[in-house]
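Trainee: Sharing a structure, written as structure tokens. Questions coming.
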Amino acid sequence: MSKALNQALNKPALEYGSGFPTLFFKEVKRFYKVAFQTVAAPVLTAVLYLMIFGHVLEGREVYGRLNYTAFLIPGLVMMSVLQNAFANTSSSLIQSKVTGNLVFVLLAPLSHFEFYAAYILAAVFRGIVVGLGVFLITLWFGLPSLEHPLWILAFAFLGAAILGSLGLIAGIWADKYDQLAAFQNFIIMPATMLSGVFYSIHSLPPAWQVVSHFNPFFYMIDGFRFGFFGVSDVSPWSSLAIVLCFFAVVSAVALRLLQKGYKLRH
């Protein structure tokens with residue numbers, strides 16, 4: 001598989017026949033070339049979270065029947081998917097803007113939709129690769145069940161696409177690394193950490209449960225976890241509907257910004 005991926009990434013751009021696959025493979029190759037940083041490091045971070053929280057809360061049960069370590073694994077997998085999907089689009093765009101090579105992408109005969117699709121699919125690819133890496137490594141700590149695999153795939157894809165879109169918006173808006181870091185540290189990180197990765201919201205006071213329901217990241221995590229155990233804090237269909245609506249909104253915003261060339265062409 002690695003050999004086939006290397007061959008695909010090293011093909012001349014003209015062999016792909018259009019700008020969309022060329023840009024997609026360029027984005028995949030960008031993070032693949034530094035996989036130790038973009039894949040291995042997030043996997044290690046997730047494992048450290050699992051070791052620390054799993055040890056501190058060992059023996060605690062969630063939903064009345066789940067071991068805490070098993071409960072935690074899907075949350076860490078999804079958190080890794082989300083954070084790395086965001087990082088892929090946001091870091092790529094801000095690097096291109098700061099170094100000035102974004103002009104070469106803008107000069108290509110690409111529609112704003114092709115530009116969006118290439119960046120988002122690459123973000124989804126990276127997010128799922130990192131999430132799969134986290135899942136495989138954490139199997140050593142415990143094997144969670146896979147009650148509904150299609151739900152797992154649906155929420156992983158939609159979650160990665162949403163965070164890829166938010167990363168695109170952040171990369172377009174930011175003019176320097178400080179602004180991008182602020183977007184990530186004050187919006188993405190708190191929303192992810194407070195989404196139920198490390199706990200069930202039913203363990204929170206009533207007021208904080210209400211607040212959690214206004215966090216769209218909660219529905220991504222909760223729906224993803226449902227795919228493993230068949231139990232969740234809210235109905236998976238409700239989570240799916242909210243996640244789809246959120247995806248439509250952030251996608252529309254990102255596409256509109258690309259269509260207008262906001263902070264890209266001027």
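Trainee: Identify, please: which residue in segment 179-192 is of a type in the set (A, V, I, L, M, F, W, C) and open to solvent by less than 50 Å² (accessible area, probe 1.4 Å) and is, among those, farthest from Ile169 (Cα to Cα)?
Mentor: Step by step, filter segment 179-192, then rank; the result is Ala191.
Trainee: Taking only segment 234-246 into account, find how many residues are of a type in the set (Ser, Thr, Tyr) and buried (at least 22 other Cβ atoms within 10 Å of the Cβ).
Mentor: Number of matching residues: 1.
Trainee: Any idea which of (1) open to solvent by 60 Å² or more (accessible area, probe 1.4 Å); (2) under 22 Å from Gln259 (Cα atoms); (3) not β-branched (Val, Ile, Thr) is the one Glu61 doesn't satisfy?
Mentor: Result: Glu61 fails condition (2) only.
Trainee: Just to confirm my filter: which helices (runs of 4 or more DSSP H) fall fully inside segment 104-197 and include at least 3 residues that are within 11 Å of the chain's Cα centre (by Cα) and under 29 Å from Ile73 (Cβ atoms)?
Mentor: Of the helices (runs of 4 or more DSSP H) lying wholly inside segment 104-197, those with at least 3 residues that are within 11 Å of the chain's Cα centre (by Cα) and under 29 Å from Ile73 (Cβ atoms) span 112-138, 149-173.
Trainee: Only one of these is part of a loop (DSSP other than H, G, I, E, B), open to solvent by 10 Å² or more (accessible area, probe 1.4 Å), at negative phi and at pLDDT below 95: Val210, Val231. Name it.
Mentor: Criteria check complete, one pass: Val231.
Trainee: Give me the residue from segment 170-188 that is in contact with a helix residue (DSSP H, G or I) (Cβ under 9 Å, 6 or more places away or on another chain) and free of Cβ contacts under 8 Å to residues at least 60 places away in the same chain and, out of that set, farthest from Val234 (Cα to Cα).
Mentor: Ranking the candidates gives Gln179 first.
Trainee: Quick one: would you say Ser90 is assigned to a helix (DSSP H, G or I), among the hydroxyl-bearing types (Ser, Thr, Tyr) and either over 15 Å from Ala160 (Cα atoms) or in contact with a Leu (Cβ under 7 Å, 6 or more places away or on another chain) (or both)?
Mentor: Taking the combined requirement at face value, the residue satisfies it.
Trainee: Determine whether segment 159-169 contains at least one residue that is without any contact (Cβ under 8 Å) to a residue 24 or more places away in the chain and either more than 24 Å from Asp222 (Cβ to Cβ) or surrounded by fewer than 20 Cβ atoms within 10 Å (Cβ to Cβ) (or both).
Mentor: no
Trainee: Return yes or no: is Arg225 among the charged types (D, E, K, R), assigned to a helix (DSSP H, G or I) and surrounded by 16 or more Cβ atoms within 10 Å (Cβ to Cβ)?
Mentor: Yes, satisfied.
Trainee: While we're on this one: In segment 213-222, is there at least one residue being aromatic (Phe, Trp, Tyr), open to solvent by 10 Å² or more (accessible area, probe 1.4 Å) and more than 23 Å from Ala70 (Cα to Cα)?
Mentor: Within segment 213-222, one or more residues are aromatic (Phe, Trp, Tyr), open to solvent by 10 Å² or more (accessible area, probe 1.4 Å) and more than 23 Å from Ala70 (Cα to Cα).
Trainee: Mind checking which residues of segment 33-42 are closer than 14 Å to Ala87 by Cα and open to solvent by 60 Å² or more (accessible area, probe 1.4 Å)?
Mentor: Val34, Gln37
The values are calculated or read from the model by the stated rules, or taken from the named source; none is laboratory data. The shown structure was predicted, so the numbers you read here are calculated from the model rather than taken from an experiment. Cβ sites come from the backbone with ideal geometry, for glycine too, and all protein chains shown count toward neighbours. Keep in mind that these areas ignore ligands, DNA and RNA; they rest on the heavy atoms of the full protein, side chains included. Shrake-Rupley method; radii C 1.70, N 1.55, O 1.52, S 1.80 Å.
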